[in-house]
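Presented below is the structure to which this report refers.
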Amino acid sequence: SVGGRERVVYSLMKGVDRGTFEPYLLSLRGSRPAKELFLETDIPIHSLGKRADGFDLSVIRRLRSFIVDHQIDIVHMHNPGTFIYGGIAAKLAGVKVVVNTEHGYSYSISWEKRWIEDFLRNRINATIAVSEALRKELCSTARVRPRKVVVIRNGINAESFQNPVVDPGLRDEVKG
């Protein structure tokens, strides 16, 4: 589904300077609602075809090949799952700039995945935390070196809320 994380990525992708960057959007598995949202950007979208269950090692191989074939210079991830796959593939492909944005950290995962994430966070260029509280949590709980974590607060385009469209019957329905 399309949630806050997807909308942040959409905003970033829509604002990319196409004169400077040639962006690609990759996902572990195709998501129809998300794909429809991102089609508006006319940025190439690729699904890596990850199996639904468990860790899929072949995704790292496919992602690494994509990075090498397209001569990708920057890899930026936005999801715990994509962080592991993308972080490993980017490092194997020799990408010089690898960044992960953390939108929250209270999700529960196995200690093995947590260890891999912590290991990767200290080996990529930066982890972007969307709040100072999240930065502090990452530095203490995830044991990320403080110099590796920067805060870029989540922002939304407030203009999109200026003229909300409200179904006239909705107000009566909620009151009733």
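Considering only region 22-35, how many residues are open to solvent by less than 100 Å² (accessible area, probe 1.4 Å) and more than 28 Å from Arg114 (Cβ to Cβ)?
The number of residues fulfilling the criteria is 3.
For Gly54, work out the one condition from (1) closer than 18 Å to Arg29 by Cα; (2) over 15 Å from the mean Cα position of the chain (by Cα); (3) part of a helix (DSSP H, G or I) it doesn't fulfil.
Of the numbered conditions (1) closer than 18 Å to Arg29 by Cα; (2) over 15 Å from the mean Cα position of the chain (by Cα); (3) part of a helix (DSSP H, G or I), the odd one out for Gly54 is (3).
List every residue pair whose Cβ atoms lie under 7 Å apart, where the two residues are 6 or more positions apart in sequence or sit on different chains, the first residue falls within region 124-143 and is among the charged types (D, E, K, R), and the second residue, located anywhere, is modelled with pLDDT under 85.
Glu137/Tyr105
Out of region 47-61, which residues are open to solvent by 60 Å² or more (accessible area, probe 1.4 Å) and either under 24 Å from Ile152 (Cα atoms) or at pLDDT below 90 (or both)?
Residues satisfying the conditions are Ser47, Arg51, Ala52, Asp53, Phe55.
With respect to the numbered conditions (1) open to solvent by less than 30 Å² (accessible area, probe 1.4 Å); (2) touching a helix residue (DSSP H, G or I) at 6+ places or on another chain (Cβ under 6 Å); (3) modelled with pLDDT under 90; (4) within 28 Å of Asp17 (Cα to Cα), which one is the sole condition not fulfilled by Ala89?
Status for Ala89: all satisfied but (3).
Output the number of residues of region 25-45 satisfying the condition of being closer than 16 Å to Asn79 by Cα and at pLDDT 80 or above.
Qualifying residue count, region 25-45: 5.
The values are calculated or read from the model by the stated rules, or taken from the named source; none is laboratory data. Being a predicted model, the structure only gives us computed values, none of them experimental. Counting neighbours? That spans all protein chains shown, and the Cβs are built from the backbone with ideal geometry, glycine included. The protein model used for the area step is the full one, side chains on, heavy atoms only, and it has no ligands, DNA or RNA in it. Shrake-Rupley method; radii C 1.70, N 1.55, O 1.52, S 1.80 Å.
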